[in-house]
Amino acid sequence: MKRVITWHTRAGEVGLLLLKLHLLWVVWSLAGGIVLGVFPATAAVYGVVRGEFLRSSTPREFRRLWRQEFRTANVVGYVFATAWAVLLMERRLLETLDLGVVEPLLGAALWLMTLFLSCMTVNVWVLAAHFAEGPFALVRRSAVLVLARPLQALVTLLVAGVVLCAYYLVPGLVPVFGIAAPAFVSFAYVWSTAVLPVRLEPS
């Protein structure tokens, strides 16, 4: 019975934390005019989630993390946004052009690239919260992680995808938990694999 109560209390604490983080994400995304605010706010969410596991930060640290990660998060965010734009453009071109026998091969290559980029996108924010590195070092580290630990990278993508599926099935969860829930579950999984050294300070 005591264990049930403990888990119930912990679930309530996590739910409240995610709600606070989502509201802070909205506020600080708007503070940066969305264009310059959304990526630092995302990085700050992951930073606070990391602190929850290390007992080193709370939602009160959100503002400091937002400012601290402003440049790095924006560069990382727009690098990935550009990569996704190019990939989507290539997919659109492939749909409109008749390339004959090479079309299935190019289609398969694009699917692999999409999967690879998806894994990098999910993992880069976890890494950014944990490693004090520049934006391009973080992009490189995320690519290395996907190549060196493909199964782990794929599971990280899947656990975040489960939350997004829950959002699709229950849209009311989106305005309550927003990006905070996928950030929490993805960081929790990566943390459980012990791939992140505990001794490092957040970026």
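The values are calculated or read from the model by the stated rules, or taken from the named source; none is laboratory data. These numbers come from a predicted model, not from an experiment. Glycine gets a Cβ as well: all are built from the backbone with ideal geometry, and neighbour counts include every protein chain shown. All accessible areas refer to the heavy atoms of the entire protein, side chains included, with ligands and DNA or RNA removed. Shrake-Rupley method; radii C 1.70, N 1.55, O 1.52, S 1.80 Å.
Worth pointing out:
- Look at the stretch 15-39: where a residue is closer than 20 Å to residue 173 by Cβ and a partner is among the acidic types (Asp, Glu), sitting 6+ places away or on another chain with Cβ atoms under 7 Å, you get 17/52.
- The combined condition, being in contact with a Cys (Cβ under 8 Å, 6 or more places away or on another chain) and not basic (Lys, Arg), is not fulfilled by residue 135.
- Test for residue 198: is it among the hydrophobic types (A, V, I, L, M, F, W, C), open to solvent by 40 Å² or more (accessible area, probe 1.4 Å), touching a residue at least 40 places away in the same chain (Cβ under 8 Å) and out of contact with any strand residue (DSSP E or B) (no Cβ under 8 Å at 6 or more places or on another chain): yes
- Any hit, the stretch 62-69, residues being touching a Ser or Thr at 6+ places or on another chain (Cβ under 8 Å), touching a residue at least 12 places away in the same chain (Cβ under 8 Å) and surrounded by fewer than 22 Cβ atoms within 10 Å (Cβ to Cβ): yes
- Residues being hydrophobic (A, V, I, L, M, F, W, C), farther than 21 Å from residue 44 by Cβ and in contact (Cβ under 8 Å) with a residue 40 or more places away in the chain are entirely absent from the stretch 159-175.
- Condition check for residue 89: open to solvent by 60 Å² or more (accessible area, probe 1.4 Å), under 24 Å from residue 135 (Cβ atoms), in contact with an Asp or Glu (Cβ under 9 Å, 6 or more places away or on another chain) and among the aliphatic types (A, V, I, L, M): no
Conditions (1) open to solvent by 20 Å² or more (accessible area, probe 1.4 Å); (2) in contact with a Pro (Cβ under 9 Å, 6 or more places away or on another chain), marked per residue:
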site: 102; (1), (2): yes, no
site: 106; (1), (2): yes, no
site: 109; (1), (2): yes, no
site: 123; (1), (2): no, no
site: 129; (1), (2): no, yes
site: 134; (1), (2): yes, no
site: 147; (1), (2): yes, no
